[in-house]
Every structure is written in structure tokens, then in C-alpha cells.
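Contents: one structure, followed by commentary.
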Amino acid sequence: MYTDRTLLPKECLRLCALGTLALSDKPISYADLANQVRHFTAHIMGPSLDMMGSSLQLLKLEGLVRETCSAGGKGEGELSLTDAGRSKFNELMQGTLRDTSGELSRLVMALKMRFLHLLDDETRRDQVEILQDVCELDLDRMLALRDQHEHDEGAFIGWIDMEIARLNQKRAWLATLVTA
């Protein structure tokens with residue numbers, strides 16, 4: 001993580017893999033886990049070289065997942081989450097967002113939404129409040145930008161208004177998560 005606890009691309013992959021295992025009620029083969037992680041991240045961010053460099057095998061070496069061999073010991077083993085893996089998952093879920101405008105931040109937001117229900121109530125509430133704060137900061141920036149450029153010609157003001165509307169909708173939606 002960066003010093004401000006913002007997740008790096010490789011940590012997003014780890015979060016996606018650990019969260020996918022946490023969601024599953026049974027072990028998942030390495031190939032299936034890799035495909036699920038690649039599918040999810042590619043659909044949020046599009047193709048990205050940053051998201052291809054980290055091997056999920058490291059999770060096994062670090063003791064975050066365990067591999068069990070299938071019957072007869074032939075073929076590929078299946079992965080399941082260890083206690084250390086669940087702890088790492090909780091740590092990664094508490095990573096922060098710098099803003100919601102970048103593709104990596106969109107991925108972190110999507111991962112948080114996908115796995116938020118796996119956190120305890122207090123941690124879940126804290127994470128939603130952090131997301132609300134980030135949304136408020138984004139909205140404040142857009143409002144200030146609109147004020148500065150309110151007399152500009154062209155499509156810029158229309159685009160800013162669209163972004164403000166999206167952020168207001170997001171803020172309202174996040175508020176529903178606090179009460180849920």
C-alpha cells in the first residue's frame with residue numbers, strides 16, 4: 001500500500017482473489033480463481049498491464065490460501081482461504097481511495113462494493129463513511145470547477161453538470177448503505 005493506505009494494483013488483485021475465495025463456500029481451482037479475477041478486473045478497468053504482473057501463486061507462498069489436492073492427488077489442487085488470508089482480506093478492504101475518478105480507484109470501489117457485506121458491521125459502516133467522504137470531496141472539486149468556468153462556451157459546463165449529477169446520485173446511494 002501507499003503510505004496513505006491507498007491500494008496498489010497488485011493489492012487490488014490480491015483483494016479480488018481473497019474476496020472471491022471468501023465468497024465461495026467451497027475451494028476453487030487456481031485456474032478458475034485466476035479467470036474470475038481477470039474477468040472482474042478487466043470488466044471494471046479494461047485491459048491493463050498493471051493488473052497482469054502479479055501471480056496468485058504468491059498467495060499460497062505467503063500462507064494466505066491453502067491448496068488441497070483433488071482425489072487421487074492428480075491434477076490441479078483447489079485453493080481455499082486461511083485465517084491469515086481472511087485477516088489480509090480485512091486489511092485490504094480497509095484500504096482507502098484517493099478519489100473516484102481514476103480507473104484503479106473505480107476498481108477499488110467495485111471491490112469494496114462486491115465484498116462489503118463480508119465485513120463486520122462496524123468496519124462496514126466505517127468503510128461506507130470513508131466512501132462518502134471521498135464522494136463529498138469529488139463533488140466539492142466539481143462544484144468549484146463549475147463555479148470557475150460557469151461562463152465558458154462549449155460542452156464543458158454540460159459535462160461538469162453531468163458529473164455533479166452523478167456524484168449527487170452516488171452520495172444519495174451511499175447514504176442508503178449506512179442505514180442498511
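Not counting ligands, DNA or RNA, and with a 1.4 Å probe, what is residue 87's accessible surface area in Å² rounded to the nearest 10?
70
Okay, helix-only estimate at 222 nm for the chain: each DSSP H run of n ≥ 4 adds -39500 (n - 2.57), divide by all residues, round to 500 deg cm²/dmol; what do you get? Spell out each step's value before the answer.
On the way: 7 runs with 112 residues, N = 180.
Result for the chain, helices only: -20500 deg cm²/dmol.
If you place +1 on the Cβ of every Lys and Arg, -1 on the Cβ of every Asp and Glu, and leave all else neutral, what size is the dipole of the chain about its Cα centre, to the nearest 20 Debye?
On the way: 21 positive and 28 negative charges, 160 e Å.
Approximately 780 debye in magnitude.
Which residue, 106, 166, 114, tops the fluctuation ranking in a GNM of the chain built on C-alpha contacts under 10 Å?
Result: 166 has the largest fluctuation of those listed.
Using a 1.4 angstrom probe with every protein chain in place, what is the largest-first accessible-area order of 26, 112, 170, 10?
26, 10, 170, 112
How much accessible area per residue does the chain have, in Å², with a 1.4 Å probe? If you can, show how the numbers build up before the last one.
Details: 10230 Å² over 180 residues.
Accessible area per residue: 57 Å².
Would you mind calculating the relative contact order of the chain from Cα pairs under 8 angstrom and at least 6 residues apart, reporting the percent as a whole number? Before the final figure, lay out the partial values.
On the way: 180 pairs, mean separation 39.1, N = 180.
22 percent.
Find me the longest stretch of the chain that has none of the exposed GluC sites (Glu not before Pro), where exposed means in a DSSP loop (not H, G, I, E or B) with at most 11 other Cβ atoms within 10 Å. All intermediate terms of the calculation are to be shown ahead of the outcome.
Working: sites that count: 150, 153.
It works out to 1-149.
So if R0 is 41 Å, what FRET efficiency would residue 25 and residue 166 give, r being the distance between their Cβ atoms, rounded to the nearest 0.05? Write down the numbers at each step before the final one.
Values: r = 36 Å, r/R0 = 0.87.
The pair residue 25/residue 166 has a calculated efficiency of 0.70.
Counting Lys and Arg as +1 and Asp and Glu as -1, each charge on the Cβ, what is the dipole of the stretch 103-179 about the Cα centre in debye, to the nearest 20?
400
Considering only protein heavy atoms, with the full assembly of protein chains and a 1.4 angstrom probe, order 140, 161 by accessible area, largest first. Each step should come with its number before you reach the end.
Details: 140 85, 161 60 Å².
The residues order as 140, 161, largest area first.
Ratio of Rg to Rh for the stretch 102-180, alpha carbon only, Kirkwood?
Values: Rg = 14.9 Å, Rh = 13.9 Å.
With Rh from the inverse mean 1/r over Cα pairs, Rg/Rh is 1.07.
When N is the residue count of the chain, what does its C-alpha Rg come to as a fraction of 2.2 N^0.38 Å?
Working: Rg = 19.2 Å, N = 180, 2.2 N^0.38 = 15.8 Å.
Output field value: 1.21.
The values are calculated or read from the model by the stated rules, or taken from the named source; none is laboratory data. Every value quoted in this text rests on a predicted model; they were computed, and no experiment measured them. Glycine also receives a Cβ, built like all others from the backbone with ideal geometry; neighbour counts cover every protein chain displayed. Heads up: the accessible areas ignore ligands, DNA and RNA and are worked out on the full protein's heavy atoms, side chains in. Shrake-Rupley method; radii C 1.70, N 1.55, O 1.52, S 1.80 Å.
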